[in-house]
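Only one structure is covered here, and it is reproduced in the block below.
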Amino acid sequence: MHSKLAFGYYFMSFLLFHIKKTWPLNQKLSRSKPTSIQKRLLAMMESSETTFSTSAKNDNNLKIQAKIIPIDRMAECGERLRQGELVAFPTETVYGLGAHALDSNAIPKVFKAKERPFSDPLIVHVLDAKDAFELWEDTTNPALLCLTENFWPGPLTIVAKAKSHIPDIIMANTGFVACRCPSHSIARDLLRHAQVPIVGPSANKFGHVSPTSAEHVFDDLRHENVWIVESSNNTCCDIGVESTVAKVTDDGNVVLLRQ
């Protein structure tokens, strides 16, 4: 927690001295009509035999599907992600629920497993800034270059205008995609093996406490088809809360969305 606070103070100071900032505190996500992917996800939810936690459910009648996977099977985890399945992994902040960020069949599985509303966009994890600029529209924006050079890898998520091929469902139809370059060694190893960008919201049911261990993830997602990468307690989730989020607007201003 102390490292998170220190990062927040450092990041705030950086914004004050190096980047012009604005503060639209009451921005709301767009409420456009659901996309074809969202319609398909709704159909999945309606046809699923699994009862969602918003209703009363009997865990004794549900099959345990989640598996805790040792870190020496990282190549298999990377292949699983490329095949469109879910892999939960540790970062320096909290455990993320990973899926192939550009696979329109894989992304709905994240929303279904978390019971997450479409109005909440997903953060995309990348191995380096070069991979993020493959997703952002403006590859020469000084603010983006400044933030990635000074704070990546690390617990900073940067939101910027997306390229046209990014699935709308991960952006909540906003046209802006959130990217983060984690510093955790296991997260980075998984990205190397997967060779694709990975969405990674916290690996828990929506509204529950964010997990900081493989056991926490298993307790919350035991009935979901997810592999959970194991990590020792002394190398996992040192910060323990979600990343700082900054948005780079069309006019180049930087807005702090979450500290």
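The values are calculated or read from the model by the stated rules, or taken from the named source; none is laboratory data. Just so it is clear, the model here is predicted, and its values are computed rather than measured. Cβ placement follows ideal geometry from the backbone for every residue including glycine, while neighbour counts extend to all protein chains displayed. In case anyone asks, the SASA skips ligands and DNA or RNA and just uses the protein heavy atoms, side chains included. Shrake-Rupley method; radii C 1.70, N 1.55, O 1.52, S 1.80 Å.
Of Asp138, Asp128, which residue is of a type outside the set (Gly, Ala, Ser), under 16 Å from the mean Cα position of the chain (by Cα) and either open to solvent by 10 Å² or more (accessible area, probe 1.4 Å) or farther than 18 Å from Leu257 by Cβ (or both)?
Asp128
For Asn150, all conditions in the list (1) open to solvent by less than 50 Å² (accessible area, probe 1.4 Å); (2) outside any loop (DSSP other than H, G, I, E, B); (3) touching a residue at least 60 places away in the same chain (Cβ under 8 Å) hold save one; what is the number of the exception?
Of everything listed in (1) open to solvent by less than 50 Å² (accessible area, probe 1.4 Å); (2) outside any loop (DSSP other than H, G, I, E, B); (3) touching a residue at least 60 places away in the same chain (Cβ under 8 Å), Asn150 misses just condition (1).
Within the stretch 216-255, track down each residue that is touching a residue at least 60 places away in the same chain (Cβ under 8 Å) and of a type in the set (Asp, Glu).
Glu224, Glu230, Asp238, Glu242, Asp250
Tally the residues that are in contact (Cβ under 8 Å) with a residue 40 or more places away in the chain, not in a strand (DSSP E or B) and not charged (D, E, K, R), restricting the search to the stretch 156-179.
Just the residues of the stretch 156-179 that are in contact (Cβ under 8 Å) with a residue 40 or more places away in the chain, to begin with: 156-161, 165-174, 176-179.
So of that shortlist, the ones also not in a strand (DSSP E or B) come out as 165-174.
If we keep only those that are not charged (D, E, K, R) too, we end up with 165-167, 169-174.
The qualifying residues number 9.
Can you report the number of residues in the stretch 82-93 which are open to solvent by less than 10 Å² (accessible area, probe 1.4 Å) and out of contact with any Phe, Trp or Tyr (no Cβ under 9 Å at 6 or more places or on another chain)?
So the count comes out to 4.
Considering the stretch 104-125 alone, what residues qualify as being open to solvent by 10 Å² or more (accessible area, probe 1.4 Å), touching a residue at least 24 places away in the same chain (Cβ under 8 Å), not basic (Lys, Arg) and not in a strand (DSSP E or B)? Walk me through it before giving the result.
Filtering the stretch 104-125 down to residues open to solvent by 10 Å² or more (accessible area, probe 1.4 Å) leaves 104-105, 109, 112, 115-121, 123.
Those left that are additionally touching a residue at least 24 places away in the same chain (Cβ under 8 Å): 104, 109, 112, 115-121, 123.
Cutting the leftovers down to not basic (Lys, Arg) gives us 104, 115, 117-121, 123.
Selection gives Ser104, Glu115, Pro117, Phe118, Ser119, Asp120, Pro121.
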